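One structure below.
What follows draws every value from the coordinates through simple rules; no lab data is involved. What you are looking at is a predicted structure, and each value in this text was computed from that prediction instead of being measured. Here Cβ is always computed from backbone atoms with ideal geometry, including for glycine, and neighbour counts include all displayed protein chains.
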Amino acid sequence: MEPGNSGWTVDVIDDAANWKRYEVGEDDGYFLLETRGDGDGDPAPIETSTAVFAYGAQLETKDNNSSVKYPSSYIPTTQAQERTREADKLSVIAPPIVAPDGYFHVKIRFAPNYATAETTENEHDLLNINNDNRLFFRFSDRKIVFRINKVELASVELAWIRDQEIQVEAIHSATEQRLIVSAGGTFSGPAQPPVPVNNSFYVLGNGSGAQECADLRYLGFFEPN
């Protein structure tokens, strides 16, 4: 990190001895590195050339009975108590725009932060409209499933490593139902009734949040031709 008007460089790397909080603040056009976490609650500016070595990561426990943990973003606290992160919810709040007349064509590229057999849930929603209309990862047989009006199209069994990108394309039109999965093939079925568009669509989760952790790398909606 090299602020252009300060004349100094700070490299932030691992310090195995202590957990501390650091903050960069601006004072009269210059940047000062302030240390926090020394016990007195007050920042202590570093005003001379120096090197700072620090590392911080937060791991979220899936639940009290699971040893599976995933890295998460920083949650500031003013006390030393634990805090549970609120569930992330990514939603489409205007479904009629992306699913005109109840039909849609969606492309999703995502990278699971879990590998084959590392999951603790039974399913991971990729696009959730409701329980009868969903696009999801089913872990019992390791398949991507496209469910419309309770009718399912399923990919072949998949195997993957952490952070491996998977591309899924699902088409629900007035003439067909189609599922395309990278390295998993293309699957087609007869047309199904339009989906309801009166409530939000959820991406990489449902109304309660994500069931598992993944990076969303691309999301696109197209005309369902």
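Numerical summary
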| quantity | calculated |
| --- | --- |
| Cβ-based net charge around F136, under 13 Å, with every Lys or Arg adding one and every Asp or Glu removing one | -2 |
| Per-residue ³J(HN,Hα) for segment 133-149, Karplus 6.51 cos²θ - 1.76 cosθ + 1.60, θ = phi - 60°, Hz, x for Gly and Pro | 9, 8, 10, 8, 8, 9, 7, 4, 10, 6, 10, 7, 10, 10, 10, 10, 6 |
| Amide H contacts of V92 (H built 1.01 Å from N, under 5 Å, at least 5 apart or other chain) | F201, Y202, V203 |
| Debye, to nearest 20: dipole size of segment 90-222, +1 on Lys, Arg Cβ, -1 on Asp, Glu Cβ | 180 |
| ³J(HN,Hα), Karplus 6.51/-1.76/1.60, whole Hz, each residue of segment 197-212, x for Gly, Pro | 10, 8, 10, 4, 8, 10, 10, 6, x, 10, x, 9, x, 6, 7, 9 |
| Average Cα contact separation per residue, segment 90-222, under 8 Å, 6 or more apart, as relative contact order % | 38 |
| Under 5 Å, built H, 5+ apart or other chain: amide partners of N113 | D163, C213, A214, D215 |
| Integer Hz, Karplus 6.51/-1.76/1.60 couplings in order for segment 162-167, x for Gly and Pro | 4, 6, 7, 6, 10, 10 |
